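Asks: The structure under discussion is supplied below as structure tokens; questions concerning it will follow.
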Amino acid sequence: MSCATAGGLTYLFADINTSQAASQTIAALPAALPIATAPMPSNTSVSTTPAPVVPALAIQAYNGDLVNTKYGPVQVQLQFTNGAISEVAVVAYPNGDDKSVRINARALPTLRTEVLTAQTAHVDTVSGATYTSDAYTRSLQSAIDQARAAGTTTIA
């Protein structure tokens with residue numbers, strides 16, 4: 001992927017305008033001026049081999065179902081890169097009290113790591129975060145099901 005800054009675009013377009021002005025100046029020269037060309041040495045070879053094509057990454061994201069628990073809702077978003085789970089983001093999680101915040105600060109990164117490693121929703125429950133773990137995997141499985149239905153992945 002390529003990113004351009006406003007300064008970079010200004011520089012790019014300034015260069016194009018300069019090139020266009022130079023082309024117009026050359027076009028305005030009388031046709032009677034000789035154009036000097038140097039002969040190419042006989043031992044010079046020109047490569048016509050095209051540059052290798054680098055395939056673009058196919059990145060797609062799916063939101064899992066919002067799963068309610070007695071402590072609050074849990075929802076995840078999955079990102080797939082070329083059919084594999086490449087990122088898991090938690091869109092919603094119980095955070096209405098200090099205890100939920102502490103539990104989820106420990107449980108959510110653990111669940112994320114396990115999912116990225118296992119490439120499935122079938123991961124172990126985090127001890128002390130049973131409700132969050134259950135809701136997380138249910139939301140995760142719904143996102144995987146959406147991706148599979150769309151042909152993005154074959155993950156079960």
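Asks: Suppose each label sits 7 Å from its Cα in the direction of the beta carbon; what would the Asn95-Ala61 distance come out to in nanometres?
Replies: 1.6 nm
Asks: Report the local net charge at Gly96: Lys and Arg +1, Asp and Glu -1, summed over other residues whose C-beta lies under 15 Å from its C-beta. Intermediate values should be presented prior to the final figure.
Replies: Values: positive: Lys70, Lys99, Arg102; negative: Asp97, Asp98.
Charge balance near Gly96 sits at +1.
Asks: Continuing with the same structure: Considering only protein heavy atoms, what is the solvent-accessible area of Val91 at a probe of 1.4 Å, reported in Å² to the nearest 10?
Replies: Near enough 90 Å² of accessible area.
Asks: Let me ask another. Taking 0.36 nm per residue of sequence separation and subtracting the Cα-Cα distance, how much length would be gained by fully extending the chain between Ala118 and Asn82, in nm to one decimal?
Replies: Numbers: separation 36, 0.36 × 36 = 12.96 nm, distance 1.62 nm.
Going from the current span to full extension adds 11.3 nm.
Asks: Taking the Cβ of Thr137 as the center, what net charge do the other residues with Cβ under 14 Å away carry, scoring Lys and Arg +1 and Asp and Glu -1?
Replies: -3
Asks: DSSP loop (so not H, G, I, E, B), at most 11 other Cβ within 10 Å: list which trypsin sites (Lys or Arg not before Pro) in segment 69-156 pass both filters.
Replies: Hits after loop and neighbour filter: Lys70.
Asks: Quick one: how many Å² of Ser127 are accessible to a 1.4 Å probe, rounded to 10?
Replies: 100 Å²
The values are calculated or read from the model by the stated rules, or taken from the named source; none is laboratory data. Everything numeric in this text was worked out from a predicted model, so none of it was measured. Using ideal geometry, Cβ is built from the backbone for each residue, glycine included, and neighbour counts are taken over all protein chains shown. We work out accessible area using only protein heavy atoms, side chains counted, and drop any ligands, DNA or RNA first. Shrake-Rupley method; radii C 1.70, N 1.55, O 1.52, S 1.80 Å.
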